[in-house]
Each structure stands twice: as C-alpha cells, then as structure tokens.
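Participant: Please find one structure pasted underneath; my questions will follow.
The values are calculated or read from the model by the stated rules, or taken from the named source; none is laboratory data. Every value quoted in this text rests on a predicted model; they were computed, and no experiment measured them. With ideal geometry, Cβ positions are generated from the backbone for all residues, glycine too; neighbour counts draw on all protein chains shown.
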Amino acid sequence: MRVFIKHLNGNISLNVSKDISNSELINLIKNEIDYPFELMFGCEYLSENSNVNLSQIISKYEINLDEIILIVIKKRTEKKFEIGNEEYIKNITPINHRNQISKIFSYKIIGSKEGTVWGGKNKIYTDDSNISKAAVFEGLVKLGEKAIVYIKIIEKKSCYYGDYINDIQTEDWGYWDGSYIFVKN
C-alpha cells in the first residue's frame with residue numbers, strides 16, 4: 001500500500017504493508033521529519049502506544065484503497081516557556097525579548113514598588129515596565145514575596161493606560177515598540 005504523508009516541510013511517499021504496526025510506521029516517518037509529531041488518518045490518531053493500527057482503521061471505515069493520506073501534526077513540546085532570568089530580582093524588564101511575539105518567558109521576581117510601570121489598566125504593559133512591580137499591581141505577588149511569573153510578549157500598542165491598584169500607581173504612555181501581558185503557566 002502506498003502511504004502519502006503530508007507535513008510542514010512537504011510530502012513523503014512510502015510503500016508499506018497494510019498490517020504495519022504504528023511503531024514501525026512512526027519510525028519510518030521519524031527518519032524523514034526532524035520535529036516531534038502526531039500522526040492522523042481522518043479523525044483517528046495513530047500513536048506508538050495506541051491499540052488501533054492502520055489496518056484496523058481501514059477496516060473500521062470499510063476503506064478499500066491502495067493509497068491513503070496521513071497527516072502529520074506538529075506536536076507541542078513540553079516546555080511551553082523560556083527562562084527570562086536565573087535569580088530572584090526586584091527590578092527587571094523583558095525589553096530584551098522585544099519582537100519575540102507570542103513567546104512565553106518565566107521570571108523569578110520579588111514583589112516590589114521599585115522602577116516604573118507603563119500601562120496595566122487593561123493588563124497590557126510596555127516592555128520596559130518593571131515586571132516585579134507590575135506583578136504586585138495585578139495582585140500576583142505581594143511586596144517582598146518571591147514568585148515565578150509568566151509573561152507573554154505581544155504586539156506593540158499605540159497607547160497604554162495606567163491605574164492605581166494594590167497600592168501601586170502605573171503610568172499612561174503613548175505608542176511603544178513592545179508589550180507584554182501576564183499569563184498562567
């Protein structure tokens with residue numbers, strides 16, 4: 001049976017037996033694809049640990065084909081974030097991650113009133129705003145408390161609005177080239 005595999009970098013064509021095991025099929029594909037993936041046929045996932053293999057799916061759907069198409073889906077890696085800093089700190093900004101849109105970073109912070117924070121009323125901050133102070137403002141950490149917080153780098157904004165919450169005053173600002181928000185891990 002000919003199997004066509006569609007993936008991010010193109011297509012692969014393999015000749016395989018109809019009763020090939022999932023492990024054998026996945027290992028053949030691993031030779032061609034250099035990223036973690038999941039394999040799908042229709043609505044069925046084919047995994048190394050699954051009891052359902054290709055021939056069973058073909059029988060289940062009463063398919064009588066000499067050729068099938070499998071779809072490769074890029075698997076999310078376990079690590080959903082990158083480390084922003086190594087030690088707990090009171091005054092730190094993510095400005096060095098500007099333009100890494102949608103990436104998530106963890107920061108070890110100590111809740112603080114130090115530094116300046118621009119924005120926050122709508123939970124969006126300029127990327128030169130102190131993360132430790134912004135975390136206190138949002139109620140994620142108390143003054144002097146150590147915590148690990150997660151921020152996501154987002155698109156630049158045309159304006160940022162300050163507010164007074166949790167005994168922290170943040171400032172208004174106009175256009176700025178980088179932004180971040182807090183996210184849950």
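Participant: Being more than 27 Å from residue 81 (Cβ to Cβ) and of a type in the set (D, E, K, R) is the filter here, so list the residues in the stretch 164-182 that pass it.
Facilitator: 167, 171, 172
Participant: Taking the residues in the stretch 96-120 that are among the hydrophobic types (A, V, I, L, M, F, W, C) and modelled with pLDDT under 95 as candidates, determine which candidate is nearest to residue 36 (Cα to Cα).
Facilitator: In this case the residue turns out to be 104.
Participant: Hey, another quick one. Condition first: touching an Asp or Glu at 6+ places or on another chain (Cβ under 9 Å) and in a helix (DSSP H, G or I). Now tell me which residues in the stretch 136-149 satisfy that.
Facilitator: 136, 137
Participant: Here's something else I'd like to know. Which is within 17 Å of residue 84 (Cβ to Cβ), of a type outside the set (Lys, Arg) and surrounded by fewer than 23 Cβ atoms within 10 Å (Cβ to Cβ), of 131, 109, 148?
Facilitator: 148
Participant: For the stretch 13-24: of the residues being under 16 Å from residue 66 (Cα atoms) and modelled with pLDDT of 80 or more, which is surrounded by the fewest Cβ atoms within 10 Å (Cβ to Cβ)?
Facilitator: Going through the qualifying residues, I end up with 15.
Participant: Let me ask you something else. Determine if the stretch 132-144 includes at least one residue that is touching a helix residue (DSSP H, G or I) at 6+ places or on another chain (Cβ under 8 Å), among the aliphatic types (A, V, I, L, M) and at pLDDT 95 or above.
Facilitator: Yes, some residue in the stretch 132-144 is touching a helix residue (DSSP H, G or I) at 6+ places or on another chain (Cβ under 8 Å), among the aliphatic types (A, V, I, L, M) and at pLDDT 95 or above.
Participant: Oh, and also: Please go through the stretch 81-97 and pick out each residue that is among the hydroxyl-bearing types (Ser, Thr, Tyr) and closer than 14 Å to residue 128 by Cα.
Facilitator: 93
Participant: Moving on to the next point. If the requirement is being under 21 Å from the mean Cα position of the chain (by Cα), in a loop (DSSP other than H, G, I, E, B) and not assigned by TED's automatic domain parsing to the domain that holds residue 9, which of these qualifies: 113, 123, 152?
Facilitator: Among 113, 123, 152, only 123 is under 21 Å from the mean Cα position of the chain (by Cα), in a loop (DSSP other than H, G, I, E, B) and not assigned by TED's automatic domain parsing to the domain that holds residue 9.
Participant: Let me confirm something: among 37, 4, 41, which residue is surrounded by 12 or more Cβ atoms within 10 Å (Cβ to Cβ) and touching a Lys or Arg at 6+ places or on another chain (Cβ under 8 Å)?
Facilitator: One residue alone meets the criteria, 37.
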